[in-house]
1. Would you confirm, using the coordinates I've provided, whether Ala84 is closer than 21 Å to Ile109 by Cβ and within 21 Å of the chain's Cα centre (by Cα)?
2. Among the residues of the range 27-44, what is the count of those that are within 16 Å of Ala57 (Cα to Cα) and more than 6 Å from the ligand (Cβ to nearest atom)?
3. Please name all residue pairs, on different chains or six or more residues apart, with Cβ atoms under 6 Å, provided the first residue is in the range 271-287 and is more than 18 Å from Gly251 (Cβ to Cβ) and the second residue is modelled with pLDDT of 95 or more and in a helix (DSSP H, G or I).
4. Looking only at the range 180-239, count how many residues are under 23 Å from Tyr280 (Cα atoms) and among the charged types (D, E, K, R).
5. Out of the residues in the range 165-182 meeting the condition of being within 11 Å of the ligand (Cβ to nearest atom) and touching a Ser or Thr at 6+ places or on another chain (Cβ under 8 Å), tell me which one is farthest from Phe120 (Cα to Cα).
6. Residues that are surrounded by 20 or more Cβ atoms within 10 Å (Cβ to Cβ), at least 3 per element: which helices (runs of 4 or more DSSP H) completely within the range 251-331 meet that?
7. Of Asp159, Asp186, which residue is of a type in the set (D, E, K, R) and at pLDDT 95 or above?
8. Return yes or no: is Ala21 of a type in the set (A, V, I, L, M), within 24 Å of Asp159 (Cβ to Cβ) and assigned to a helix (DSSP H, G or I)?
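The values are calculated or read from the model by the stated rules, or taken from the named source; none is laboratory data. This is a predicted model, so every value here is computed, not measured. Backbone-built Cβ (ideal geometry, glycine too); neighbour counts: all protein chains shown.
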Amino acid sequence: MLKVAVLGAGRIGQIHAANVAANARAELIVVADPVEAAASSTALKLNCEYSTDPYEAIGRSDIDAVVIGTPTDTHVPLTLAALAVGKAVLCEKPLDLDQSKANAAIVEIEKSGKPFMLAFNRRFDPSASEIKRAIEAGEVGDVRQVVITSRDPSPPPADYIQRSGGIFRDMLIHDFDMARWLLGEDPVEVFAVGNCLVDANISSLGDFDTTMVILRTASGKQCHINTCRHASYGHDQRIEVFGSAGMLQNGHIRPHTVHRFTDGTTDAQAPLLHFFLERYKQAYELELDAFLRSVESGTDMPVNANDGRKALALAEAALRSIETRAGVAVD
Ligand SMILES: NC(=O)c1ccc[n+]([C@@H]2O[C@H](COP(=O)([O-])OP(=O)(O)OC[C@H]3O[C@@H](n4cnc5c(N)ncnc54)[C@H](O)[C@@H]3O)[C@@H](O)[C@H]2O)c1
């Protein structure tokens, strides 16, 4: 069993820690968070040790792998410290908000030769991986268009928006990765529009809450991503892939399958799962399992640092497209 340290005991760190504790390939040894109450309460729940010093946890000789679920600006230093002492790393997205810092870190990560995976969890969602499998099996022929809808139930607080790097680097980063993965080619041109239709405060922070992006690959495949920080009906996550021989679509996941027929409505179903922690519960479990399997077997990680770099480059291009009101070539 791989012995694991989880760094960060916030929203995502708690998910990762619980998944490590529940995974038969791993043993959760320690949870580290500078906020002692966060570290100790997670450790108590999951029956492991805790530390308030992430570097102490990284340096322990009984740790094989480190899962990083800390704020984005700590991802690079924690990753490099862990790789330097020979630990395998699963790091939350994005690697960094600054493209040049992320690129410099990727050079170091690749030089280390140690296993590193970036946590683009949506690739491990069973519906997304079935769509990918069907594309690769040729079930829809040549892919022509990918349409991704990604709407959150409600915007995050202003202090989160301020630190997030903006909607493209924070939220659409998942959709950019999904687009690349499903198109099977890297986009070479990006057209984007962004507005604030949900909350004017988001505009005053220099960000957008409602966006549409079009990506085009060198061979002419197209992808349309539409996102909003607020959807009154819950976490709206849909993918459609249209090809020369057919179309693939995923559906919504609901807490149960009951359909209601009354005098006021027909075919009414339960609301969508509320947000990402519920909607992608299984994806986080499968993501961790894929990481642990790659570490165990010494095989390539299913998502690497370069995938992070390419998604970030699309985010930067989308921002430039809004600034210039024109299509932007991807660096
Ligand atoms: N893949 C996904 O679906 C997904 C979802 C949410 C967040 N994220 C990413 O995960 C990261 C964390 O987001 P969150 O929403 O859990 O944040 P959060 O604020 O809820 O939690 C972060 C935790 O890290 C702790 N922390 C701060 N500095 C630390 C350090 N140096 N070492 C250890 N712990 C430290 C904080 O005290 C806090 O408890 C962000 O990079 C975010 O982009 C990814």
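1. no
2. Counting residues in the range 27-44 that are within 16 Å of Ala57 (Cα to Cα) and more than 6 Å from the ligand (Cβ to nearest atom) gives 10.
3. Filtered contacts from the range 271-287: Tyr284/Ile15; Tyr284/Asn19; Tyr284/Asn121; Glu285/Asn19; Leu286/Phe124; Glu287/Asn121; Glu287/Phe124.
4. 5
5. Restricting to residues being within 11 Å of the ligand (Cβ to nearest atom) and touching a Ser or Thr at 6+ places or on another chain (Cβ under 8 Å), the top hit is Gly165.
6. 281-297, 305-324
7. Among Asp159, Asp186, only Asp186 is of a type in the set (D, E, K, R) and at pLDDT 95 or above.
8. no
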